[in-house]
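Chemist: Below you'll find the structure I mean.
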Amino acid sequence: MYRQRKLCRAHGGLGKANKSTDSTTLARETFAWHKTTLARFKSARHLKFMATASPPSRDVALETRVFWERFKNQIAAAVILVLLGIIGFTGYRFYSDRRSAAASALLAGAKNAQEYQQVIVRYSNTAAGADAYLLLAEAQRSEKKFPEANTTLQAFITKYPKHELVSTARMAMAANLESVGKNDQALSMYREIASIYPNSFNAPMALLSQVYILKTKNQSDEARRICETILTQYRTSFWAGEALQELRLLKPSASPEATPAAPIPPLLARPPAVAPQAAPSPKQP
């Protein structure tokens, strides 16, 4: 009996041992499965991330070298053109500055018409050449060569139409016409100057010059109107005082004479009044 119990206990211990061994094996297999599955999941995520990642960057140095080998001739030609342009512009500026300096020096030493003409011929496209035209015209005017002076001034206006002294040249031409007695042409030119250059310093002078010519023509009303225009539009200029003085001297034109009345017929005329007779003087004793 005792022996049977001992065998049963032994069999029970073996059963418990078998059960313990089965649980351990199951736990190990479960852990191994979880570990394998997790590894597979991580590998799948890594492969997915690698599939969506951007492609590797290219070699910039290699691309630059390929670009240079392909377009090096065009790039070299463009660089050469830019350098030539810079050199040409620098050379032109140096030449222009030297030429302008030489023209100014020659004009400073000029004293007569022949020397002014020499400046015009040699340096016509410089600022000194433009000034030489005006000085030549003034020299010709001082020699009473008014037509020649106007020819020089017209050449200056034609060659330098945007010059700041064009209105001054036109004023000199009008004054030359006035000097030779061509007052009508001078008056017309003064009117053009005042109309074309209303904002120049010559505009009020051109208006006042019209007043002097109109006075010689006995057109006092027109002269007064121009003086009033000077006082209204150019009140701050020097010529406003001259216009005021001329306005005081100008008198309005005389009113037209009344037409004589028709003669009265003799029969309707009033008889002349009879002069009273003097009283007879008393007789002398």
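The values are calculated or read from the model by the stated rules, or taken from the named source; none is laboratory data. Please read all numbers here as calculations on a predicted model, not as lab measurements. Accessible surface areas use protein heavy atoms only, side chains included; no ligands, DNA or RNA. Shrake-Rupley method; radii C 1.70, N 1.55, O 1.52, S 1.80 Å.
Chemist: Given 4 °C and 1.567 mPa s, compute D for segment 131-245 with the Stokes-Einstein relation, Rh being the Kirkwood radius over Cα pairs; round to the nearest whole µm²/s.
Modeler: 89
Chemist: Whole-Hz Karplus ³J(HN,Hα) for segment 89-94, in order, using 6.51 cos²θ - 1.76 cosθ + 1.60 and θ = phi - 60°, x for Gly and Pro?
Modeler: Karplus-based 3J(HN,Hα) across segment 89-94 equals 5, 5, x, 5, 5, 5 Hz.
Chemist: If you don't mind, another one. Would you kindly give the portion of the calculated P(r) for segment 181-257 that falls above 21 Å, as a percent of all Cα pairs?
Modeler: Everything past 21 Å amounts to 24 percent.
Chemist: Sorting PHE67, PHE156 by accessible area (1.4 Å probe), largest first, what list results?
Modeler: Result of the area sort, largest leading: PHE67, PHE156.
Chemist: Which ³J(HN,Hα) values in Hz, rounded to whole numbers, follow from the phi angles of segment 178-191 under the Karplus curve 6.51 cos²θ - 1.76 cosθ + 1.60, where θ = phi - 60° and Gly and Pro get x?
Modeler: 5, 5, 8, x, 8, 5, 5, 5, 5, 4, 4, 5, 4, 5
Chemist: Leaving ligands, DNA and RNA out of it, work out the accessible area of SER142 with a 1.4 Å probe and give it in Å² to the nearest 10.
Modeler: 80
Chemist: Keeping every protein chain in place, order THR168, THR64 by accessible area at 1.4 Å, biggest value first, i.e. largest first.
Modeler: Order by accessible area, largest first: THR64, THR168.
Chemist: Residue by residue, what Karplus-based ³J(HN,Hα) values in Hz, rounded to whole numbers, does segment 71-84 have, using 6.51, -1.76 and 1.60 with θ = phi - 60° and x for Gly and Pro?
Modeler: 10, 5, 5, 5, 5, 5, 5, 5, 5, 5, 5, 4, 4, 4
Chemist: Can you list the aspartates and glutamates whose alpha carbon sits under 12 Å from that of LYS215, skipping same-chain ones fewer than 8 residues off?
Modeler: In chain and number order, the partners are GLU246.
Chemist: Sticking with this one: How big is the accessible area of ASP59 in square angstrom, nearest 10, if you roll a 1.4 angstrom probe over the protein chains?
Modeler: Answer for ASP59: close to 90 Å² accessible.
Chemist: Could you name the aspartates and glutamates whose alpha carbon sits less than 13 Å from that of LYS217, not counting residues in the same chain fewer than 8 places away?
Modeler: ASP184
Chemist: How large are Rg and Dmax for segment 64-211 when calculated on the C-alpha trace, in angstrom?
Modeler: Gyration radius and largest Cα-Cα distance of segment 64-211: 23.9, 83 Å.
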